[in-house]
1. Hey, what did the range 4-67 get for relative contact order, percent, Cα under 8 Å, at least 6 apart?
2. Going Cα to Cα from Lys126, which lysines come in below 16 Å? Please leave out same-chain ones fewer than 8 positions away.
3. Listing Ile136, Ile21 from the residue with the fewest other Cβ atoms within 10 Å to the one with the most, what is the order?
4. Amide H to amide H, which residues 5 or more places from Leu195 or on other chains are under 5 Å from it, using H placed in the peptide plane?
Amino acid sequence: MASRRHVIADDLRDQIAAGRIKPGERLPAEAQLAAHYTVSTPTLRNALALLQAEGLVDKIHGKGNYARKPLRKTTYTGGGRTPADGHLSVTIRTTKLRARGHLTTLLRVAAGSPLTEFLCLSHDGKSPHSLARVYIPRDLAPTATPDAPPWPQGVAALLPKPFPELAEIHEHIHVRLPTPAEATTLRISSTLAILAITRVATDTAGRVVEAALLALPGDRAEALFITPHMTTERRPEG
């Protein structure tokens with residue numbers, strides 16, 4: 001049996017989808033909604049939190065809760081490949097720096113090794129959509145800032161040609177809350193979970209040629225992984 005918060009969230013979600021609550025429209029006050037659904041205010045707020053995490057409701061401090069138009073989602077398919085999103089524009093900022101802290105571990109380099117950072121911020125219209133920080137050893141990095149993000153081609157879009165042949169791409173994916181800097185850059189609530197992806201690409205010699213840190217807000221991103229079905233050929237008996 002569904003909990004009361006899920007029942008309330010389902011009803012409000014249906015009203016938003018059907019257009020009975022329009023994008024930008026203020027929802028009734030929380031006390032009024034709680035009375036309508038005959039639940040406590042904390043239960044009502046838990047229901048609204050579900051819709052806020054889905055990007056369907058915005059809670060504006062001091063003003064109330066407002067319906068949002070569902071955001072278009074990006075599907076991350078693994079291996080550094082994401083279907084091209086024509087509706088997104090991307091700005092890329094290049095910075096030269098020295099490896100410190102976790103970067104030395106990610107790129108398997110000594111502290112102080114020269115790196116190039118590509119800070120990639122995608123936008124859907126005027127709204128920030130996703131954030132990626134891509135790190136490449138300085139001797140492999142292109143001399144000019146690329147005009148395309150590091151996906152869908154991943155590291156191949158950034159490395160100069162001819163670039164090293166890639167052997168492996170390791171990805172660590174988990175869900176967490178955004179850092180204060182991520183929340184500010186992406187203009188999201190500090191309580192909205194993000195899909196955090198750490199991608200490390202190595203060449204055939206075992207050298208790390210790219211380390212990427214991606215932050216994809218949960219209300220506008222999803223991950224899809226397809227595993228080919230392996231069959232075992234049966235040998236004839238006898």
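Where a number appears in this text, it was derived from the coordinates with a stated rule and is not lab data. Just so we're clear, the structure is a prediction, and the values are computed from it rather than from any experiment. FYI the Cβ positions are ideal-geometry reconstructions off the backbone, even for glycines, and counts take in every protein chain you see.
1. Numbers: 64 pairs, mean separation 26.6, N = 64.
Result for the range 4-67 is 42 percent.
2. Lys126 reaches Lys69, Lys73.
3. Numbers: Ile136 24, Ile21 20.
In order of increasing Cβ crowding within 10 Å: Ile21, Ile136.
4. Leu216, Gly218
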